[in-house]
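Let me begin by presenting the structure, written as structure tokens, before commenting on it.
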Amino acid sequence: MLGIYDNEMKLEFVSKSSNEAFARISVAAFASQLDPSIDELADIKTAVSEAVTNCIIHGYENTIGIVKVECKLKSNWIEIQVSDNGKGIEDIELAKRPLYTTKANLERSGMGFTIMESFMDELKIESIPNMGTKVTMKKYITPLDDKNNENMSIANQSKQKEGI
Amino acid sequence: MECIYVPQDKLLTIKIAEEIDENVVKKLRRKIDNEITRFMPRKVIFDFSNVSFMDSAGIGMLLGRYKVIRMLGGNLELCHVNKQIEKIFEISGILKIIPLIKDNEIYEYGGKNVGNI
């Protein structure tokens, strides 16, 4: 399994919505090896939550199935793959459209893919009807050195403003 | 979750204290609708000070509550939303119909706690 990546992990759990918190917290804990900022970590948690929710309520439609989450780390990015063997998506472009939902009666907002797209740097959706769906997301993490430099420059700017 | 009611203003503040996702939303929906039908408030404020996480399930839940509250002749507002959650609100465009207010301390002093749900 190990090879071109710095680290990898795989989770499998039953498609119960009570596992959503488990999934996003586990991925966040794994991603913290890259020293992400609080905002970056919150983006990852939100995107994972959306992807896992999709597997549970759309892929398996609240029946019992297995949701898989695989993460790969490499120096400054994390790739997260969330997949199910559920009913699949007929029209991916339509599913990605903001506010489009097949479950409006369940008060779904139709924002899942839009949120994944805007919170992560890359998003790829593969699906075969009646076979399953695989969502692959990638996020680049600003290296700690750059973050420190950013903080330094902000500190310097405020010092200059105060005339120190 | 704490509910604060100001009878003279018919104002109900609900302090949500959960991470809002699909799992939690089912239970929140029922609890909040109970309180709304109990008080029939003119205005409802959802206080997000104790909400550390929310995903799109929260948007669906808020829109649903908005419809219920409007149907009963009330208004819905949100306050004390953290930066991450505000980002989700902005992407979804929900703030155009459910406004985010700066502060509701004034109501907290005027109202009394009517129960933890």
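Residues of the stretch A:110-145 that are β-branched (Val, Ile, Thr) and more than 19 Å from A:Tyr100 (Cα to Cα): A:Ile128, A:Thr136, A:Ile141, A:Thr142. Evaluating A:Leu123 against the criteria (1) hydrophobic (A, V, I, L, M, F, W, C); (2) crowded, with 20+ Cβ neighbours inside 10 Å; (3) in contact with a strand residue (DSSP E or B) (Cβ under 8 Å, 6 or more places away or on another chain) leaves one unmet condition, (2).
Matching residues to (1) in contact (Cβ under 8 Å) with a residue 40 or more places away in the chain; (2) not aromatic (Phe, Trp, Tyr); (3) not in a helix (DSSP H, G or I):
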residue: A:Pro98; (1), (2), (3): no, yes, yes
residue: A:Thr102; (1), (2), (3): yes, yes, yes
residue: A:Ser109; (1), (2), (3): no, yes, yes
residue: A:Phe113; (1), (2), (3): yes, no, no
residue: A:Thr133; (1), (2), (3): yes, yes, yes
residue: A:Thr136; (1), (2), (3): yes, yes, yes
residue: A:Thr142; (1), (2), (3): yes, yes, yes
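When the residues of the stretch A:1-21 are narrowed to those that are of a type in the set (Ser, Thr, Tyr) and open to solvent by less than 20 Å² (accessible area, probe 1.4 Å), which ends up farthest from A:Gly86 (Cα to Cα)? Going through the qualifying residues, I end up with A:Ser17.
Inside the stretch B:5-22, residues that are surrounded by 21 or more Cβ atoms within 10 Å (Cβ to Cβ) and within 14 Å of chain A (Cβ to nearest Cβ) make up a count of 3.
Of the residues that sit in the stretch B:32-84 and are part of a helix (DSSP H, G or I) and surrounded by fewer than 16 Cβ atoms within 10 Å (Cβ to Cβ), which one is nearest to the other protein chains (Cβ to nearest Cβ)? Residue satisfying both the conditions and the ranking: B:Lys83. Exactly one residue among A:Cys71, A:Cys55 is in a strand (DSSP E or B) and within 18 Å of A:Thr136 (Cα to Cα), and that residue is A:Cys71. Scanning the stretch A:22-41 turns up at least one residue that is touching a Cys at 6+ places or on another chain (Cβ under 8 Å), aliphatic (A, V, I, L, M) and buried (at least 18 other Cβ atoms within 10 Å of the Cβ). Tallying residues that are more than 24 Å from A:Ala28 (Cβ to Cβ) and within 14 Å of another protein chain (Cβ to nearest Cβ) within the stretch A:109-154 yields 1. Just wondering, is there one or more residues in the stretch A:92-100 that are at pLDDT below 95 and closer than 20 Å to A:Ser15 by Cβ? Yes, that holds for at least one residue. Do we have any residue at all in the stretch A:93-108 that's on the phi > 0 side of the Ramachandran plot, more than 9 Å from chain B (Cβ to nearest Cβ) and open to solvent by 10 Å² or more (accessible area, probe 1.4 Å)? No, that holds for no residue.
Considering only residues of the stretch B:85-104 that are under 20 Å from A:Thr101 (Cα atoms) and outside any helix (DSSP H, G or I), which is farthest from the other protein chains (Cβ to nearest Cβ)? Step by step, filter the stretch B:85-104, then rank; the result is B:Ile97.
Among the residues of the stretch A:12-37, what is the count of those that are more than 10 Å from chain B (Cβ to nearest Cβ) and assigned to a loop (DSSP other than H, G, I, E, B)? Summing the residues that are more than 10 Å from chain B (Cβ to nearest Cβ) and assigned to a loop (DSSP other than H, G, I, E, B) in the stretch A:12-37 gives 4. Quick check: is even one residue across the stretch A:81-100 touching a helix residue (DSSP H, G or I) at 6+ places or on another chain (Cβ under 7 Å) and among the aromatic types (Phe, Trp, Tyr)? Looking for residues that are touching a helix residue (DSSP H, G or I) at 6+ places or on another chain (Cβ under 7 Å) and among the aromatic types (Phe, Trp, Tyr), one finds at least one in the stretch A:81-100, hence yes.
Residues in the stretch A:74-92 that are open to solvent by 30 Å² or more (accessible area, probe 1.4 Å) and outside any strand (DSSP E or B) were compared, and the one that is nearest to A:Leu123 (Cα to Cα) is A:Ile92. Does the stretch A:59-69 contain at least one residue that is touching a Cys at 6+ places or on another chain (Cβ under 8 Å) and within 13 Å of another protein chain (Cβ to nearest Cβ)? Yes - at least one qualifying residue is present in the stretch A:59-69.
The values are calculated or read from the model by the stated rules, or taken from the named source; none is laboratory data. Computed from a predicted model, the values in this text were never measured in an experiment. Cβ sites come from the backbone with ideal geometry, for glycine too, and all protein chains shown count toward neighbours. To get the accessible areas, we keep the full protein, side chains included, count just its heavy atoms, and leave off ligands, DNA and RNA. Shrake-Rupley method; radii C 1.70, N 1.55, O 1.52, S 1.80 Å.
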